[in-house]
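What follows is a set of notes on a single structure, which appears directly below.
The values are calculated or read from the model by the stated rules, or taken from the named source; none is laboratory data. For clarity, every value in this text was computed on a predicted model and none was experimentally measured. Here Cβ is always computed from backbone atoms with ideal geometry, including for glycine, and neighbour counts include all displayed protein chains. The protein model used for the area step is the full one, side chains on, heavy atoms only, and it has no ligands, DNA or RNA in it. Shrake-Rupley method; radii C 1.70, N 1.55, O 1.52, S 1.80 Å.
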Amino acid sequence: MSDQSKPHDEDNWRPSAEGEPSSGQAVPPEAGQVSPADAGARKDATEAKSAEALTAELEQAQAESTKLREQLLRTAADYDNFRKRTRRDIEDAQRKSVEKVLLEVLPVSDNLERAVQAAQKATDAASVVEGINMVLRFFEDALNRLGIERVQTLGQPFDPGLHEAVQHIESEQSPGTVVQELTAGYRINGKLLRPALVAVAKKPVSN
């Protein structure tokens, strides 16, 4: 066969279509596209970073929880100490108040005992009465030092905030005037401790 009958490689060659790789040549990824291997690697890296981030957040949350728990325990301990200290302070204040009252009242009891002893030897009733009156005045002075004052009654207009009327008596005094004190009333630091039991005047009934 002559050379003319053989097809030449040059005659059979034709250029590949645009973008079409020739035989035996690796196909490069187009711009903006990611190969499956790279996509898998990126996915693994992203999942690893997400796991690390979640682990870090969990550790931080646990640390904050531990810190808050310790703060709560300290607060509870401080409150318990404050409650115990407050209770002790209240008990101390109450005890001191009772002690203060007793220190003022005990001398009155001493004077009453002396008055009884003197009355047993006295031959004059007037001297006994005078001794008792002295003890009463001493007692009133002690009450005043404690901030306790006696409610005024006789000759005063009836005051339901200070007096409690238990009887009405015909009297020449103005109706509503306190004419008799049955039980003394007292105020402590301006506040009513107990009302005075009194009899109040009423208009006499005409015959």
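Values as computed for the structure displayed
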| item | result |
| --- | --- |
| Flag if ALA201 is more than 21 Å from VAL105 (Cβ to Cβ), surrounded by 13 or more Cβ atoms within 10 Å (Cβ to Cβ) and in contact with a Pro (Cβ under 9 Å, 6 or more places away or on another chain) | yes |
| Identity of the residue in the stretch 129-173, among the aliphatic types (A, V, I, L, M) and open to solvent by less than 40 Å² (accessible area, probe 1.4 Å), that ends up farthest from SER97 (Cα to Cα) | LEU162 |
| Filtered residue count, the stretch 195-207, keeping only those that are out of contact with any Phe, Trp or Tyr (no Cβ under 6 Å at 6 or more places or on another chain) and at pLDDT 95 or above | 6 |
| GLU149 being part of a strand (DSSP E or B), closer than 18 Å to ARG187 by Cβ and without any contact (Cβ under 8 Å) to a residue 40 or more places away in the chain | yes |
| Among the residues listed as LEU154, LEU193, the single one being closer than 30 Å to VAL108 by Cα and either under 44 Å from the mean Cα position of the chain (by Cα) or polar (S, T, N, Q) (or both) | LEU193 |
| Selection from the stretch 88-116 of residues that are among the hydrophobic types (A, V, I, L, M, F, W, C) and either under 30 Å from ALA126 (Cβ atoms) or touching a strand residue (DSSP E or B) at 6+ places or on another chain (Cβ under 6 Å) (or both) | VAL105, LEU106, VAL108, LEU112, ALA115, VAL116 |
